[in-house]
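The values are calculated or read from the model by the stated rules, or taken from the named source; none is laboratory data. None of these values were measured; they are calculated from a predicted model. In this analysis, Cβ positions are derived from the backbone assuming ideal geometry, glycine residues included, and neighbour counts consider all displayed protein chains. Keep in mind that these areas ignore ligands, DNA and RNA; they rest on the heavy atoms of the full protein, side chains included. Shrake-Rupley method; radii C 1.70, N 1.55, O 1.52, S 1.80 Å.
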Amino acid sequence: MGNLVSISSNLLYASFFFYMIATFFFGGTIRDKKNSGRGKASTIGISLTIAGFITQLGYFFTRWAASKHAPVSNLFEFTTFFGMMLVMAFIIIYFIYRLDVIGLFALPVALLIIAYASMFPREISPLVPSLKSHWLYIHVTTAAIGEAILAISFVAGLIFLIRQIDQTKKSKHTFWLEFVIYSIFSTLGFIIVTTTFGAMDYQAQFQAPIEGQITAVEYHLPAIAGPNAGELQTAGAMQPLFDAPEWMRGESAARKFNTLIWSLLSGLVLYGAARLILRKRVAAVIQPKLKKFNPDLIDEVSYRAVSIGFPIFTLGALIFAMIWAQEAWNRFWGWDPKEVWALITWLFYAFFLHLRLSRGWHGTKSAWLAVGGFAIIMFNLIAVNLIIAGLHSYA
Amino acid sequence: MKKIKCECGHVNPEGTVLCEACGKPIEGNQHIDGNKKDSLLNMRYEGSARRSQTYNRNIVDKVWNFFSSVKVGVWLIIITLVASSLGTIFPQEMYIPPGSDPATFYEDQYGLAGKIYYQLGFHNLYSTVWFMLMIALIGVSLVICSIDRVVPLHRALKKQKPKRHHTFLKRQRVFGETNGQADVEAFKTKLRKQRYKVWDEDGHILAEKGRFSRWGPYVNHIGLIIFLLGALLRFLPSMYIDDFVWVREGETAVVPSTDGQYYVKNEDFILENYDPDKDERFQEALMNQNAPVASNYQTNAVIYERTNNDVVGAEPELEEIQKKEIVVNKPAKFDGFALYQSSYQLDEFSAMSFTLHETDDESAVLGEFTVDLTDPEMEYELDSGARVVIDEYFPEYYMDENQPRSKSKFPKNPAFVFYVYPPDGGDPEVSFAGIGMNIDPTNENQYKLSLAGYDTRDVTGLAVKKDYTLPFMAVGGLIFMIGVVQGMYWNHRRIWLQPREDGVWIAGHTNKNWYGLKKDIEKSIDQTGIDIPEDQQQLKG
């Protein structure tokens, strides 16, 4: 039993390295003269990606065998699965369009997502009664596949924007594009900071009043923002620079707020360092390497991903979700934040499709919408679980 | 109505932009689709005559035009989207802790922002009139938008001819001229091989596939409309019932909203938790959690139907119709109703036993009695001749400014004011007794009531549902899915070939996925002598 669990996590590590090496090979294709690759680097890149995907499937099914339920029931498992589906979506798109550059951007996104997932508790968790349904697997997996395909549209949109936006002068476009890149750096920052302090086994205990009761609050990162009116208990731990605002009341709200500050600051450091070294906007540095790719084709990939992903997302995140909710809570729709954000995602992509099909929004506008859609998906994955629910202290 | 006759002989309805048969741009109507001279043609609705683009005279036209605008539809979507997100800032009223008063809860919890949130009615945002109005407007927009386009589009695609006006071909996005000999027969064969339908009219060729994908958007809109209508039907009580019943263990209760026709008995309520010692796989996770994690909520229920429903006032005669272990995700279903495991109350007190003895000597017992907490008798005769009378009963006792009161009628914390009449018949003594307390208000009582024991039982909370709107929702959802898949996973592609004096022209159009269309064309002109056509709308990089 314990054996199966460790095999499973080793397979996950292995797939992580496969994806990482594959990324380098896709990076190598950038220098190829031909723009759609049947070159050697491309072949090795896609083979490694597929090997990584199969390894990760191994992780998935061994974990399933160990826990006796499909491993999509907590934040770590779901996010990892989402990363895996992102890779699958990339593989599908690769065999339609043979564009190496998609891999060069999609795999790092998948790597970040999987690494991000690993920052959350990884032990196998029991299922509360309402989760004990086959609809759980069906709903969650379909929704994740849909979102992953939609994420490919973001990847293509991002490539399009880096390729197309005029970098010779400062504009709203260059600002927001740098902002997207900064957000990616912040995710990386979060992973680095969490891993570092996790390895040091950093702990700081606070006593803080929560709902009128003095409660122990534990931090695993040095407290920049401590709990409101909290007292540090651990000797030698850093004193908070300031207290979290009073309205953050949940038991873990202040801790999550602190983590957010750490992520944003470390992202700033990473991004600042990149700017200092490159002496240019990050996108401006990448732009020349993408010049050989046909922007029309990239635009089409972005749209195609939405047109494939949207129906799957509808099916998984709305229709199957309703069927399951009907079974479990006897109401197919309850306006719970997670549901509402799934609806918002759906409305957003409906909006995207109407603008594209009826009002002819192509190219840059369409690419920005693809980026916006991904931001909403990430918001639903991260913020709705951690922030909205956290403030209400459900999580 | 002013019909427009094209030079090809086809008669088009008023407002047509491109002749339905030959595609020749109709002079004077080009502004409708924003076609500029010599630029590519806007092919979105085949240049067909849409009502919304043709008439704008009276109020009906204006309303029609408003709702058929995609711009308006998109704005409706955006407003609904933003409004929905506002409702997630703070929890909705149904998710705040039960029993709390929303008027104070939001302000207490979230300060001024919470107060404003409450005052704007955002705590019940999704059932506000304006939010429902938004949904209704989207519904209206869906209907009008679809009818406005689908009718003329269908007409245009039906009337189209292989023989096209030369400007039509020239102003397609994919267009190419070939000078010299072309093997048209091979071209046709190769198109057929790629599952194109091929028509030939005096050497003019039209190859088409996937036309049905053009209907996808309209099919999915129909699905959405059915879905929304289903949601509307929920306001009819005959279509939708949402009720709730508490049933104590051992008790039989009438199922509400069934006109007394059905009864449910709770034989046993079971709550099981995960055991970290037994479930090795979850050990680590369970150890990290302070609270136990439930693994099962279950009611062993028996459903009865009343057989003498017509006899008013008679004792109900019940006939068992179903025995069912109701667990989460597995409701009991009968006659359109469903009972869902939805809540529970553990260890509610069912009976309390008291001993009456002398205050100073616990062994001098005057007798024992048991109070049934759900239906207490008011007077108890003890063996010794003493009498105990219940003066007041507080099922869920608490002190409210020095006054004992009951929070509810459920015996969660029962307490009593007793009158104790001594065996010799003197004046009664007052005694106040409950769980873990026994108060003698005068401090002069000769007799004392002590709690001798109590029984508890669990209560299960079952949601009672009847929902005849589900089939509408299901059908609506299914049609929507068929529509999106039809519209998104297939493409409507057409390729035209026109014989010219010195060769051939070919042109291609698709509603999306131009990459796929170009690949189709490349395959079909292979070794036919036809040159690869050009994409006249490449983005310049």
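Distance between the C-alpha centres of the stretch B:1-64 and the stretch B:359-432: 89 Å, rounded to the whole angstrom.
Taking the Cα centre as origin and putting +1 on Lys and Arg beta-carbons and -1 on Asp and Glu beta-carbons, what dipole magnitude results for the stretch B:364-454, to the nearest 20 debye?
Values: 6 positive and 17 negative charges, 84 e Å.
Here the size comes out at about 400 debye.
Computed over chain B, relative contact order equals 18 percent, with contacts defined as Cα pairs under 8 Å that lie 6+ residues apart.
Can you list the residues of the stretch B:279-310 with backbone N under 18 Å from a point 7 Å past the Cα of B:Glu325, pointing along Cα to Cβ? The answer is B:294-303.
Each Cα pair under 8 Å and six or more residues apart adds its sequence gap; the mean of these over the residue count of the stretch B:1-45 is a relative contact order of 22 percent. Using a probe radius of 1.4 angstrom, the carbon and sulfur fraction of the accessible surface of the protein assembly as shown is 58%. Using only side-chain charges placed at the Cβ, +1 for Lys and Arg and -1 for Asp and Glu, the dipole size of the stretch B:1-45 relative to its Cα centre rounds to 40 debye. Of interest is the spacing of the C-alpha centroids, which for the stretch B:114-167 and the stretch A:132-153 amounts to 27 Å.
Calculate, for the protein assembly as shown, the solvent-accessible area per residue in square angstrom, rolling a 1.4 angstrom probe over the heavy atoms of the protein chains.
In whole numbers, the protein assembly as shown has 47 Å² accessible per residue.
Note on B:508-519: average number of Cβ atoms from other chains within 10 Å of each residue's Cβ is 2.
Give the peptides A:224-232, B:244-252 in descending order of average Cβ contacts within 10 Å, highest first.
Details: A:224-232: 20.0, B:244-252: 16.9.
Per-residue Cβ counts within 10 Å, averaged per peptide and sorted highest first, yield A:224-232, B:244-252.
Buried surface between chains A and B: roughly 5600 Å² of accessible area, summed over both sides, computed with a 1.4 Å probe on protein heavy atoms only. Please determine, in degrees from 0 to 90 and to the nearest 10, the orientation of helix B:216-233 with respect to the longest principal axis defined by the Cα atoms of chain B, where the helix direction is its Cα long axis. Approximately 20 degrees, to the nearest ten. The calculated Kirkwood hydrodynamic radius for chain A is 22.4 Å, given to one decimal from all distinct C-alpha pairs.
Quick one: of A:Lys40/A:Lys289; B:Lys163/B:Lys518; B:Lys3/B:Lys24; B:Lys159/B:Lys209; A:Lys132/B:Lys115, which pairs are farther than 27 Å apart, Cα to Cα? Distance filter (> 27 Å) returns A:Lys132/B:Lys115.
Per residue of A:322-333, count partner chain C-beta atoms within 10 Å of its C-beta, then hand back the mean as an integer. Could you put the intermediate results ahead of the total?
Values: counts 4, 4, 1, 0, 8, 5, 6, 5, 13, 5, 6, 3.
Per residue, the number of nearby Cβ atoms from other chains is 5 on average.
Determine the shielding of peptide B:322-329 by partner chains: average, over its residues, the number of Cβ atoms on other chains within 10 angstrom of each Cβ.
Numbers: counts 0, 0, 0, 0, 0, 2, 10, 12.
Other-chain Cβ atoms within 10 Å of each residue's Cβ, averaged: 3.
Please report the spacing between the Cα centers of the stretch B:490-541 and the stretch B:217-264 in Å, no decimals. Taking the Cα centre of each part, the stretch B:490-541 and the stretch B:217-264 sit 55 Å apart. For the set A:Leu265, A:Leu241, solvent exposure ranked by accessible area (probe 1.4 Å, protein chains only) runs largest to smallest as A:Leu241, A:Leu265. Peptides B:83-89, B:263-269 ranked from most to least packed by the mean count of surrounding Cβ atoms within 10 Å: B:263-269, B:83-89.
Evaluated with a Cβ-only charge set (Lys, Arg +1; Asp, Glu -1), the protein assembly as shown carries a dipole of roughly 10640 debye about its Cα centre, given to the nearest 20. Here the peptides A:295-306, A:372-383 are ranked by packing, the mean other Cβ count within 10 Å, and the order with the highest first is A:295-306, A:372-383.
The Cys residues in the protein assembly as shown with no partner Cys Cβ within less than 4.7 Å of their Cβ are B:Cys145.
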